[in-house]
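What follows is a single structure, written as structure tokens, with notes after it.
The values are calculated or read from the model by the stated rules, or taken from the named source; none is laboratory data. Values in this document were obtained by computation on a predicted structure and should not be read as measured data. Heads up, the Cβs are rebuilt from the backbone with ideal geometry, glycines too, and the neighbour counts pull from every protein chain shown. Note: accessible area is taken over every heavy atom of the protein model, side chains too, but ligands, DNA and RNA are not part of it. Shrake-Rupley method; radii C 1.70, N 1.55, O 1.52, S 1.80 Å.
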Amino acid sequence: MQLNFDLIANTMQPALRAALAAVEELASQGGGEARGAVFTRREVVDFILDLSGYTPDKPLHEKRLLEPSFGGGDFLLSAVERLLAAWRIHGDGGSTLDALKNAIRAVELHRDTFQSTRRALVEYLTASDVGLQTANRLADAWLVQDDFLLVPLDGQFDYVIGNPPYVRQELIPEALMRASEKARKLAEQTGTPFVVRKPASAEKQSKS
Ligand SMILES: C[S@@+](CC[C@H](N)C(=O)[O-])C[C@H]1O[C@@H](n2cnc3c(N)ncnc32)[C@H](O)[C@@H]1O
């Protein structure tokens with residue numbers, strides 16, 4: 001079915017339209033400060049992955065990992081390295097795509113960053129003996145270009161790992177502040193410097 005995007009845009013709530021426009025601006029702008037684009041050193045990544053138990057001695061292909069804002073892929077690529085190692089130890093020799101496609105979801109807002117990290121991921125997978133077609137399909141299944149606080153994500157996760165964007169509040173567009181008002185209130189009430197959202201399924205459960 002052909003969707004009429006003009007119609008959708010015209011009937012959208014003004015607040016939602018403004019939030020989507022703000023997301024689009026952040027997704028395409030060059031400067032990293034407003035997006036908190038500071039990446040993580042390898043030894044810190046390894047330390048955190050070890051600490052969280054995301055280690056290849058476990059059947060990681062049966063677990064799910066979420067990276068909410070993958071940036072240059074420092075956490076993402078190390079997690080993939082561990083996932084492939086675990087699959088080689090514990091896998092049943094079946095389809096790599098089927099076995100691994102649900103093991104990772106990783107979100108990045110900034111379009112150029114998304115594209116360059118996607119390329120690095122496919123290069124890494126092919127250099128690790130994953131066929132090019134499977135590597136591209138895994139990248140399509142794993143990576144999402146969107147605003148993590150607004151995008152719907154399927155299912156539950158066993159690990160949520162990554163270095164979140166630390167953005168000065170005054171740099172966050174007003175429309176996005178309103179869209180994530182609940183998250184902001186929670187951060188104020190709990191005194192936490194950032195908020196990681198629950199997956200949609202958990203949100204539904206907590207409402208019922
Ligand atoms: C501190 S960097 C961390 C990158 C990566 N997690 C790491 O540890 O190396 C934060 C990243 O979050 C992205 N970002 C900012 N706001 C976002 C949002 N609302 N949703 C998804 N990604 C976002 C930025 O573009 C940037 O690449």
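Once segment 97-115 is narrowed to residues that are part of a helix (DSSP H, G or I) and surrounded by 15 or more Cβ atoms within 10 Å (Cβ to Cβ), the residue that is modelled with the lowest pLDDT is 113.
Could you say which residue among 17, 35 is touching a His at 6+ places or on another chain (Cβ under 8 Å), modelled with pLDDT under 75 and not aliphatic (A, V, I, L, M)?
Details: 17 fails: touching a His at 6+ places or on another chain (Cβ under 8 Å).
Just a single option satisfies the conditions, and that option is 35.
With the condition kept exactly as written, say whether any residue in segment 116-131 is within 10 Å of the ligand (Cβ to nearest atom), surrounded by 16 or more Cβ atoms within 10 Å (Cβ to Cβ) and over 18 Å from residue 82 (Cα atoms). Working first, answer last.
As a first pass, look at segment 116-131 and keep what is within 10 Å of the ligand (Cβ to nearest atom): 117.
Okay, now just the ones that are also surrounded by 16 or more Cβ atoms within 10 Å (Cβ to Cβ), so 117.
Filter again for over 18 Å from residue 82 (Cα atoms), leaving none.
There is no residue in segment 116-131 that is within 10 Å of the ligand (Cβ to nearest atom), surrounded by 16 or more Cβ atoms within 10 Å (Cβ to Cβ) and over 18 Å from residue 82 (Cα atoms).
Tell me, which residue of segment 38-53 that is part of a loop (DSSP other than H, G, I, E, B) and within 11 Å of the ligand (Cβ to nearest atom) is modelled with the highest pLDDT?
Going through the qualifying residues, I end up with 41.
Quick one: in segment 132-146, which of the residues that are in contact (Cβ under 8 Å) with a residue 40 or more places away in the chain and either surrounded by 21 or more Cβ atoms within 10 Å (Cβ to Cβ) or away from the ligand (no atom under 16 Å from the Cβ) (or both) is farthest from residue 163 (Cα to Cα)? Quick ask: steps written out before the conclusion?
Filtering segment 132-146 down to residues in contact (Cβ under 8 Å) with a residue 40 or more places away in the chain leaves 137-138, 141-143, 145-146.
Those left that are additionally either surrounded by 21 or more Cβ atoms within 10 Å (Cβ to Cβ) or away from the ligand (no atom under 16 Å from the Cβ) (or both): 137-138, 141-143.
Working: 137: 25, 138: 22, 141: 21, 142: 18, 143: 16 Å.
Filtering first and then ranking leaves 137.
Search segment 54-78 for residues being over 22 Å from residue 43 (Cβ atoms) and either assigned to a loop (DSSP other than H, G, I, E, B) or of a type in the set (Gly, Ala, Ser) (or both), and hand back the single one that is nearest to the ligand (Cβ to nearest atom). Per the stated criteria, the residue is 64.
Within segment 93-122, residues that are in contact (Cβ under 8 Å) with a residue 60 or more places away in the chain sit with their Cβ atoms under 6 Å from residues that are open to solvent by 30 Å² or more (accessible area, probe 1.4 Å) and assigned to a helix (DSSP H, G or I), at 6+ positions apart or across chains, in these pairs: 110/35; 111/28. For segment 65-96, the tally of residues that are open to solvent by 40 Å² or more (accessible area, probe 1.4 Å), of a type in the set (A, V, I, L, M) and farther than 14 Å from residue 49 by Cα stands at 1.
Just a yes or no: is a residue in segment 93-101 acidic (Asp, Glu) and touching a Gly at 6+ places or on another chain (Cβ under 8 Å)? Lay out the reasoning, then the answer.
As a first pass, look at segment 93-101 and keep what is acidic (Asp, Glu): 98.
Subsequent filtering for residues that are touching a Gly at 6+ places or on another chain (Cβ under 8 Å) retains none.
No, segment 93-101 contains no residue that is acidic (Asp, Glu) and touching a Gly at 6+ places or on another chain (Cβ under 8 Å).
With respect to being within 27 Å of residue 147 (Cα to Cα) and open to solvent by 30 Å² or more (accessible area, probe 1.4 Å), residue 28 fits the description.
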